[in-house]
1. Identify, from the list 34, 13, 28, 39, the residue that is of a type outside the set (D, E, K, R), open to solvent by less than 50 Å² (accessible area, probe 1.4 Å) and either part of a loop (DSSP other than H, G, I, E, B) or in contact with a strand residue (DSSP E or B) (Cβ under 7 Å, 6 or more places away or on another chain) (or both).
2. Taking segment 30-71 only, how many residues are among the hydroxyl-bearing types (Ser, Thr, Tyr) and over 27 Å from residue 9 (Cβ atoms)?
3. Would you be able to tell me the number of residues in segment 1-10 that are assigned to a helix (DSSP H, G or I) and either open to solvent by 80 Å² or more (accessible area, probe 1.4 Å) or touching a helix residue (DSSP H, G or I) at 6+ places or on another chain (Cβ under 7 Å) (or both)?
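The values are calculated or read from the model by the stated rules, or taken from the named source; none is laboratory data. Here the structure is a predicted model, which is why all the values come from computation and not from measurement. Because the Cβ atoms are built from the backbone with ideal geometry, glycine has one as well, and the counts that use them run over all protein chains shown. The accessibility values were calculated without ligands, DNA or RNA, using every heavy atom of the protein model including side chains. Shrake-Rupley method; radii C 1.70, N 1.55, O 1.52, S 1.80 Å.
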Amino acid sequence: MYIGHYAAAAVLVTLVPASPVIPLAVGVAWPDLVWPVLVLMGRERVTVGRNDPLQRSIRFDSYPFSHSLVL
């Protein structure tokens, strides 16, 4: 999941070499940093299959605002 976010940062660093890397890394990881907060606040809901050790059955019960164009 993180690969897509950091690929965007890598492209930005390649296009603009003078850009600072740390703010770009935080900027592209922002949806993943904000997501647990939204889940704890109850804004987003997920269901996790407790019997699946690989966690392949994660289901979003509400619209994922943290990973939408709204954010």
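1. Sole residue among the options that is of a type outside the set (D, E, K, R), open to solvent by less than 50 Å² (accessible area, probe 1.4 Å) and either part of a loop (DSSP other than H, G, I, E, B) or in contact with a strand residue (DSSP E or B) (Cβ under 7 Å, 6 or more places away or on another chain) (or both): 39.
2. If we filter segment 30-71 for residues that are among the hydroxyl-bearing types (Ser, Thr, Tyr), which is where we start, we get 47, 57, 62-63, 66, 68.
Within this subset, residues satisfying the condition of being over 27 Å from residue 9 (Cβ atoms) are 47, 57, 62.
Summing the residues that are among the hydroxyl-bearing types (Ser, Thr, Tyr) and over 27 Å from residue 9 (Cβ atoms) in segment 30-71 gives 3.
3. Summing the residues that are assigned to a helix (DSSP H, G or I) and either open to solvent by 80 Å² or more (accessible area, probe 1.4 Å) or touching a helix residue (DSSP H, G or I) at 6+ places or on another chain (Cβ under 7 Å) (or both) in segment 1-10 gives 6.
The rows are residues; the columns are (1) out of contact with any Pro (no Cβ under 9 Å at 6 or more places or on another chain); (2) on the phi < 0 side of the Ramachandran plot.
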| site | (1), (2) |
| --- | --- |
| 8 | yes, yes |
| 12 | yes, yes |
| 15 | yes, yes |
| 26 | yes, yes |
| 31 | no, yes |
| 35 | no, yes |
| 38 | no, yes |
| 42 | yes, no |
| 45 | yes, yes |
